[in-house]
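Trainee: Dropping the structure in here first, questions after.
Here, each number is a calculation from the coordinates, and none is a lab measurement. Since we're looking at a predicted model, the values are computed, not measured. Cβ placement follows ideal geometry from the backbone for every residue including glycine, while neighbour counts extend to all protein chains displayed.
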Amino acid sequence: STRSGELPRGAEKQVDSMIRRELSARAFPGATFLCGTADQTLYTRNYGDLDYTRTVPVTDSTLYDVASCTKVLSTTFVLMRLYERTHRD
């Protein structure tokens, strides 16, 4: 995993715990979590394997097809916009 910048205090443990819980529940065999800005990566970590045979681990070079990412990315964008609208100063 690569790290520069910082996540809010405790966020790494929360993300790690959530992803590990879902891996244990077999919601998915593996994942990559990346958080950052346009300028820098704040945090990235790989979890699990490409499939349930557990023979090929997820790495920094793992490529995900767009269909796999579309649901997550579009939902994340919508949630970010809603958060922004409700938390304006």
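Trainee: If you line up the Cα atoms of the chain on their principal axes, what length do they span on each, largest first, in Å?
Mentor: For the chain, the Cα spread along each principal axis is 49, 27, 25 Å.
Trainee: Sticking with this structure for a sec: Output wanted: per-residue J couplings in Hz (rounded whole) for the range 26-39, from phi through Karplus 6.51 cos²θ - 1.76 cosθ + 1.60, θ = phi - 60°, x for Gly and Pro.
Mentor: Listing the rounded values in order: 6, 5, 7, x, x, 7, 10, 10, 9, 10, x, 10, 5, 9 Hz.
Trainee: In a GNM of the chain with a 10 Å cut-off on Cα contacts, which of Ala11, Ala31, Ala67 has the highest mean-square fluctuation?
Mentor: Looking only at Ala11, Ala31, Ala67, the largest GNM fluctuation is found for Ala67.
Trainee: Something else: Between the helical axis of 66-86 and the dominant principal axis of the chain, each derived from Cα atoms, what acute angle in degrees is found, rounded to the nearest 10?
Mentor: 20
Trainee: Please go through the chain and write out the GluC sites (Glu not before Pro) that DSSP classes as loop and that have at most 14 other C-beta atoms within 10 Å.
Mentor: Loop-located and lightly packed - Glu6.
Trainee: Still on this model: Rounded to the nearest 500, what is the 222 nm mean residue ellipticity of the chain from helices alone, with -39500 (n - 2.57) per DSSP H run of 4+ residues and division by all residues?
Mentor: Using -39500 (n - 2.57) per qualifying helix, the result is -13500 deg cm²/dmol.
Trainee: Next question, about the same structure. Residues with amide H under 5 Å of Leu42's amide H, sequence separation 5 or more or different chain, H placed in the peptide plane at 1.01 Å from N; which?
Mentor: Cys35, Gly36, Thr37
Trainee: Simple spin-label model, 7 Å along Cα-to-Cβ: Glu84 to Asp49 in nm?
Mentor: For Glu84 paired with Asp49, the spin-label model returns 4.0 nm.
Trainee: Could you compute the FRET efficiency for Glu6 and Thr76, with r as their C-beta to C-beta distance and R0 at 22 Å, rounded to 0.05?
Mentor: Efficiency, from the Cβ-Cβ distance: 0.65.
Trainee: For the chain, find the longest principal axis of its Cα atoms and tell me its angle to the long axis of helix 11-24, 0 to 90°, nearest 10.
Mentor: 40
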